[in-house]
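Report on the following structure.
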Amino acid sequence: MADAAPDVVYHLAALAHVGRSWEEPEATLSRNQAMALHVLEAVRRHAPGAAVVAVSSGEVYGPPVALPVGEDAPLRPQNPYAVSKAASDLLAGQYADAHGLRIVRPRSFNHSGPGQPPLYAIASFARQVAAGLEAGDDPIRVVTGNPEARRDYTDVRDVARAYRLLAAAGATGVVNVCSGVSRSARELVAALAGLAGTGIDHVVDPALVRAHEVMDVRGDATQLRELTGWEPAFPIERTLADSVAWWREEIRAGRAGARVHE
């Protein structure tokens, strides 16, 4: 931090998979909070004038009292990852209050796009469709978890742009980054079928269905728009199409197998 002398610090490093956080709760909690603490301490000591974008998560809200979820909603994290992000979020707020640091805490809801490993829903579905297309399958088999769980998805390229706009605007405090629309796994698979132009054999794997699932998550991005003028530029259809195209290239190049284990 001292060597870089940054004007802006973007902190996104974390163990970020909800499913894995159930398997590795101690690592998720200890590492995510430690990383946040070390970044904040380094800024306090060596770059106190820097703007800090301390990325949080829409997961911190848990079961919504009302939809869409605004920044004033209570925090009710429902999995170890969400607890780790809530703690890191609160720590960033405490550093802003106690040390006068300029910190904005974007609470980002689900996002996806080309390059995401298939640990995450859209990337997994897109990879399966890409593999089926490359194999000439019709119908294409797509395996999912709970088909009715709904999440608020934004293209990662729009999310990254939101972070830069928040930093440029000198924003502080909590700001939701989201599309304001929730979609189920079933709807995403149907949209992929339309893009692929094939039939889909949608299979629900009970092992992928989480027992402690928040069934609908949808955020309110009004404050983000008012602060920055941000609007999403990539509709969900573009996210899905670009993700399938990226996976087809990875499969043709023989790299897709390695990506599964990232």
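The values are calculated or read from the model by the stated rules, or taken from the named source; none is laboratory data. Keep in mind the model is a prediction, meaning the values are calculated, not measured. Glycine also receives a Cβ, built like all others from the backbone with ideal geometry; neighbour counts cover every protein chain displayed. Ligands, DNA and RNA are stripped out before the accessible areas are found, and what is left, the full protein with its side chains, is counted by its heavy atoms. Shrake-Rupley method; radii C 1.70, N 1.55, O 1.52, S 1.80 Å.
Given the conditions (1) buried (at least 17 other Cβ atoms within 10 Å of the Cβ); (2) of a type outside the set (Ser, Thr, Tyr); (3) touching a residue at least 60 places away in the same chain (Cβ under 8 Å), and given that ALA233 satisfies all but one, which numbered condition is not satisfied?
(1)
On the basis of being of a type outside the set (A, V, I, L, M) and under 30 Å from ARG102 (Cα atoms), does ASP216 make the cut?
Against the criterion (of a type outside the set (A, V, I, L, M) and under 30 Å from ARG102 (Cα atoms)), ASP216 does not qualify.
What helices (runs of 4 or more DSSP H) lie completely within the stretch 205-262 and have 3 or more residues being at pLDDT 95 or above?
222-228, 236-252
Here's a check for you: in the stretch 3-25, which residue that is more than 21 Å from the chain's Cα centre (by Cα) and more than 19 Å from LEU165 (Cα to Cα) is most open to solvent (accessible area, probe 1.4 Å)?
Going through the qualifying residues, I end up with ASP3.
Restricting attention to the stretch 118-161, and to residues there that are hydroxyl-bearing (Ser, Thr, Tyr) and open to solvent by 20 Å² or more (accessible area, probe 1.4 Å), which single residue is modelled with the lowest pLDDT?
In this case the residue turns out to be TYR120.
May I ask you to list the residues in the stretch 208-230 that are hydroxyl-bearing (Ser, Thr, Tyr) and open to solvent by 50 Å² or more (accessible area, probe 1.4 Å)?
Residue satisfying the conditions is THR222 alone.
Among residues belonging to the stretch 81-90 that are crowded, with 17+ Cβ neighbours inside 10 Å and out of contact with any Leu (no Cβ under 6 Å at 6 or more places or on another chain), point out the one that is nearest to ARG218 (Cα to Cα).
Going through the qualifying residues, I end up with ALA82.
Can you list residue pairs whose Cβ atoms sit under 6 Å apart, with the first residue in the stretch 77-102 being over 29 Å from GLU23 (Cα atoms) and the second being in a helix (DSSP H, G or I)? Count only pairs 6 or more apart in sequence or on different chains.
Every condition considered, the pairs that remain are TYR95/LEU40; HIS99/ARG44; LEU101/TYR95.
Among the residues of the stretch 192-201, how many are touching a strand residue (DSSP E or B) at 6+ places or on another chain (Cβ under 8 Å) and either surrounded by fewer than 18 Cβ atoms within 10 Å (Cβ to Cβ) or part of a helix (DSSP H, G or I) (or both)?
6
Find all pairs meeting these conditions: Cβ atoms under 6 angstrom apart; at least six residues apart or on different chains; first residue within the stretch 53-75 and open to solvent by 20 Å² or more (accessible area, probe 1.4 Å); second residue of a type in the set (Gly, Ala, Ser) and in a loop (DSSP other than H, G, I, E, B).
If the second residue must be of a type in the set (Gly, Ala, Ser) and in a loop (DSSP other than H, G, I, E, B), the pairs left are PRO68/GLY180.
Could you pull out the residue among ARG161, ARG141 that is among the charged types (D, E, K, R) and under 22 Å from the mean Cα position of the chain (by Cα)?
ARG161
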